[in-house]
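Below: one structure, written as structure tokens.
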Amino acid sequence: MEHPFLPILLVFVMAALFTGAFLGLSAILGPKKPNPSKLSVYECGLEPVGDARERFSVKFFLIAMLFILFDIEVVFLIPWAVTYKGFIAEGMGLFMLIEMGIFMVILAIGLLYVWRKGALDWR
Amino acid sequence: MSEIFLFYLFGGLSVLMTLLMIFQTNPVASAIYLVGAFFGLAALYVLLSAPFVAVLQVLVYAGAIMVLFTFVIMLLNIRKEELVYDRVTWRKTAVVLTALFFAGFLIWHFLKIPVVPFAPVEEGFGEVHKVGRLMFSKYLIPFELTSVLLLVAIIGALVLGKKE
Amino acid sequence: MLVLILKILIPFLLIFNLLPLLIWVERKGSAYIQDRRGPNRASFFGIRLGGLLHTISDVIKLITKEDIIPAHVNKPFFILAPFLVLFVACVTYAVIPFAHPIEINGGIFTFQAADLNVGILYILAMSSLGVFGVLLAGWSSNNKYSLLGGLRSSAQMFSYEIAMGLALLSVLLLGGSLELSALIDDQTAAVWRWNFIRNPLAFILFLTAVFAEANRLPFDLPEGESELVAGYHVEYSSMKFAMFFMAEYAHMIVGSALITALFFGGWQVPFLSTEFLRTNAESGLFMVLLAHGVLFMIIGFFLLGKFKSGKYGDKRDYEVIVIGLPMTVIGLALGLYTLLHGSFQLGDMGRQVFAAVLQFGVFMAKILFFCWVFIWIRWTLPRFRYDQLMHLGWKVMIPLGLASVAGTAIVMVL
């Protein structure tokens with residue numbers, strides 16, 4: 001009996017080979033005639049001002065942070081969602097619903113707080 | 001047999017990636033190597049018949065937390081010339097050597113503990129159903145407390161992020 | 001081992017052969033939506049196949065173009081980014097089941113590359129890595145447009161990932177498993193048991209989230225060309241550019257397969273269960289073959305009817321005959337063969353294979369339908385503004401997702 005993840009390993013190897021082949025193919029087949037304007041930054045034909053190593057809005061960072069927290073919430077809900085049906089069959093459905101109700105209400109408060117504080121407004 | 005080989009392959013991969021992460025000066029490269037290390041770890045979890053944990057490792061650590069790290073690195077955009085390099089001094093060398101000595105000592109003692117093979121895992125070990133059943137019976141209170149922890153984290157993130 | 005390799009390769013090749021077809025459908029479909037003819041010039045000895053050859057010439061062109069790596073980029077990451085994006089798109093298909101498993105000599109043969117018990121989470125985990133590719137592409141290009149495009153795109157992708165997860169949870173509640181095959185089994189062949197009927201809200205949320213994840217219009221702000229030129233792949237050329245392009249279409253196909261599997265019963269043939277198909281395989285085969293014969297003949301006659309001598313005055317006149325005549329002949333032969341042969345005799349094995357092939361066909365039809373929906377919506381709706389996008393993601397989709405999960409749970413316990 002082979003390991004259930006063996007095909008995944010093979011898929012990974014195959015995908016890496018396939019993608020690598022594409023990268024190599026254009027490098028081999030394409031012509032190579034570099035010149036300074038070809039290698040410069042594309043800014044719609046204007047002379048580029050500075051480079052793109054600028055600091056950007058903290059907004060993105062905040063969104064990323066909130067994403068992690070809500071993502072973890074979803075991850076915690078997954079085992080619950082999958083076992084819920086089984087628990088109902090055992091007559092424990094209401095108990096499970098209340099359990100998850102508490103969890104979800106606390107996180108809904110979090111979402112509401114973030115909302116009221118205006119972190120989700122994009123200006 | 002192949003399991004041992006795969007263990008060393010992925011274990012070696014994670015160790016290598018972690019080392020590369022430490023010895024990089026470019027922070028973005030470090031972050032990418034860390035993702036590689038997490039991948040190796042996920043493969044190790046698979047070998048330990050814990051596929052659910054393995055997938056969550058990739059989903060949460062590699063897919064979410066490391067994206068935040070990369071974001072922060074790009075947000076700060078430290079230029080190479082702004083980086084401060086530590087000088088190697090005698091005192092630092094001494095500290096590192098002492099730490100290495102104690103680490104070696106510990107490892108040597110751990111190696112002396114006789115190896116007891118685990119009993120083979122039962123059917124369905126490490127599956128999401130088993131994890132769920134445990135989480136909602138035995139570990140119910142820690143689970144509920146996690147939601148409070150997440151709430152605190154949300155408020156904390158907001159306070160930090162909105163400061164400026 | 002050989003079986004395993006075939007199981008991996010066949011769906012992979014299938015998806016990557018669908019790509020050029022889909023690009024053709026996109027170009028041609030957009031053309032008809034905008035009331036123009038679309039691509040129709042590339043020809044092979046005068047045969048144009050309605051522009052289908054354009055895709056092939058595009059591929060050849062892209063491969064043989066110069067692969068420019070601009071001087072200011074961060075080279076290792078600049079190369080890694082398209083690799084990562086396409087790699088992620090290449091591995092997600094692995095857990096999708098294409099038909100009901102069949103039994104061979106006591107063993108069970110599944111029509112999916114890897115039968116993982118974490119199935120759907122594997123797809124989520126892999127696609128969450130795709131964000132990295134986009135972020136890296138934007139950052140390593142060292143171009144302001146790219147950086148902004150990459151940031152926007154990744155922020156958008158993970159804003160909608162939560163909504164996607166919540167929509168998914170509603171389905172997991174109904175199915176009680178992470179395995180796609182179990183989720184499909186649970187929906188059965190009865191259409192009213194399919195999840196888009198049982199939970200329409202989750203379906204709409206999931207559809208929207210898949211659109212946002214694939215960065216397709218109305219969510220293609222990362223490459224809103226009026227503001228960001230082409231977003232995170234401005235600096236890419238040649239095959240590296242094509243890799244981003246291919247990844248987008250591969251995501252479209254896998255996304256369609258996922259929507260089908262989760263909400264439209266996957267490979268389930270409407271109203272016909274696997275047992276029913278197996279017991280009635282002989283008459284079923286007769287009908288399917290006959291229907292194909294008739295269909296081929298209708299298309300063939302339609303094409304032949306369009307022939308008009310001297311319409312263009314060159315080889316294009318005969319194009320409809322070149323395609324139409326073989327189709328008519330094949331259709332006629334198939335129909336006659338079926339009618340003359342009368343009843344078919346199938347063994348136990350044959351019945352199972354017939355059911356599997358039919359289910360596979362139905363699954364592909366559903367996937368293609370959703371691919372068309374992707375294209376259709378792209379050329380129908382205008383683009384969102386970025387604040388609208390974030391508003392929709394966080395203030396509409398997530399509360400609705402939470403409501404969908406809570407509602408499903410409450411209804412189930414009642």
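Each Lys and Arg contributes +1 and each Asp and Glu -1, all at the Cβ; summed about the Cα centre of the protein assembly as shown, the dipole is approximately 1580 debye.
Distance distribution note for the range C:76-118: the fraction of Cα pairs above 12 angstrom is 69%. Taken about its Cα centre, the range C:281-345 carries a charge dipole of roughly 300 debye when the Cβ of each Lys and Arg holds +1 and the Cβ of each Asp and Glu holds -1. If you plug the beta carbon distance of residue C:344 and residue C:291 into 1/(1 + (r/R0)^6) with R0 = 22 Å, you get a FRET efficiency near 0.95. Our estimate of slack between residue C:188 and residue C:391, defined as 0.36 nm per intervening residue step minus the Cα-Cα distance, is 69.4 nm. With a Förster radius of 56 Å applied to the beta-carbon distance between residue A:98 and residue C:309, the computed FRET efficiency rounds to 0.10.
Label sites at residue B:3 and residue C:36, each approximated as a point 7 angstrom past Cα along Cα to Cβ, lie 6.2 nm apart.
Can you bin the range C:1-131 into rounded, prolate or oblate? Criterion: square roots of the alpha carbon gyration tensor eigenvalues sorted a ≥ b ≥ c, rounded for a/c under 1.5, prolate for a/b above b/c, oblate for the rest. Oblate, since a/c reaches 1.5 and b/c is not below a/b.
Across the range C:238-328, the convex hull enclosing all Cα atoms gives 181 Å³ per residue.
Normalised by the number of residues in the range C:283-359, the average gap of Cα pairs under 8 Å and 6 or more apart makes the relative contact order 42 percent. Between residue A:17 and residue C:17, the simple label model (points 7 Å from Cα in the Cβ direction) yields a spacing of 1.9 nm. Summary of the geometry: the range B:12-49 and the range C:14-66, compared by the centres of their Cα atoms, lie 42 Å apart.
Under the simplified labelling scheme, the residue B:95-residue C:365 pair shows an inter-label distance of 7.1 nm, with each label point 7 Å from Cα along Cα→Cβ.
Residue pairs exceeding 27 angstrom between C-alpha atoms, taken from A:85/A:117; A:33/C:75; C:28/C:61; A:33/C:240: A:85/A:117.
So which trypsin sites (Lys or Arg not before Pro) in the range C:1-105 pass both tests, a DSSP loop state and at most 16 other Cβ atoms within 10 Å of the Cβ?
Working: sites: C:7, C:27, C:28, C:36, C:37, C:41, C:48, C:61, C:65; in loops: C:36, C:37, C:41, C:48, C:65.
Hits after loop and neighbour filter: C:36, C:37, C:41.
Put in order of Cβ neighbour count within 10 Å, fewest first, the listed residues C:152, C:378, A:116 become A:116, C:378, C:152.
Excluding the sites themselves, what is the longest stretch of chain C that contains no chymotrypsin sites (Phe, Trp or Tyr not before Pro) in a DSSP loop with at most 12 other C-beta atoms within 10 Å? It works out to C:46-270. Placing +1 on each Lys and Arg Cβ and -1 on each Asp and Glu Cβ, with no other charges, gives chain B a dipole about its Cα centre of roughly 500 debye. Partner shielding of C:90-103 amounts to 2, given as the average count of beta-carbon atoms from other chains within 10 Å of each residue beta-carbon. Going by neighbour counts of Cβ atoms within 10 Å, the residues C:198, C:193 line up, fewest first, as C:193, C:198. Amide H contacts of residue C:109 (H built 1.01 Å from N, in plane; Pro and chain starts excluded): C:102, C:103, C:104 sit under 5 Å, all sequence-distant by 5 or more or on other chains. Using the alpha-carbon positions of chain C, Rg (one decimal) and Dmax (whole number) come out as 23.5, 71 Å.
Computed on the range B:1-80, the Cα convex hull volume stands at 59 Å³ per residue.
Directionally averaged projected area (chain B, Cα convex hull): 14.6 nm². With the cut-off at 1.5 for a/c, could you classify the protein assembly as shown from its C-alpha gyration tensor as rounded, prolate or oblate? Oblate, since a/c reaches 1.5 and b/c is not below a/b.
Give the residue from C:76, C:128, C:6 lying farthest towards the positive end of the charge dipole for chain C; charges sit on Cβ (+1 for Lys and Arg, -1 for Asp and Glu) and the dipole is referred to the Cα centre. Checking the options against the dipole of chain C, the answer is C:76. Restricting the GluC sites (Glu not before Pro) of the range A:53-123 to loop positions (DSSP other than H, G, I, E, B) with no more than 16 neighbouring Cβ atoms within 10 Å leaves A:54, A:90. Taking the charge dipole of the protein assembly as shown about its Cα centre, with +1 at Lys and Arg Cβ atoms and -1 at Asp and Glu Cβ atoms, the residue from C:362, C:218, A:78 reaching farthest to the positive side is C:218. Of the trypsin sites (Lys or Arg not before Pro) found in the range C:287-357, those in coil by DSSP whose Cβ has at most 13 other Cβ atoms within 10 Å are C:306, C:308, C:311.
Each residue of the range C:121-134 is assigned a 3J(HN,Hα), and the resulting list reads 5, 4, 4, 4, 4, 5, 6, 5, 6, x, 4, 4, x, 5 Hz, derived from the Karplus form 6.51 cos²θ - 1.76 cosθ + 1.60 (θ = phi - 60°), x at Gly and Pro.
Taking the inverse of the mean 1/r over every pair of distinct Cα atoms in the range C:281-345 gives a Kirkwood hydrodynamic radius of 12.8 Å. Using alpha carbons only, how many angstrom separate the centre of the range C:302-374 from the centre of the range A:64-108? Distance between centres, Cα-based: 49 Å.
Note on the protein assembly as shown: dipole from Cβ charges, positive end direction compared against B:105, C:52, B:94; the farthest Cα belongs to C:52. Each distinct pair of alpha carbons in the range C:131-265 adds a 1/r term; the inverse of their mean, the Kirkwood radius, is 15.9 Å. Available extension along the chain between residue B:137 and residue B:108 is 6.5 nm, counting 0.36 nm per residue and deducting the alpha carbon span.
Every number here is computed from the coordinates shown, using simple stated rules; none is lab data. Everything quoted here is computed from the prediction, not taken from an experiment. Glycine gets a Cβ as well: all are built from the backbone with ideal geometry, and neighbour counts include every protein chain shown.
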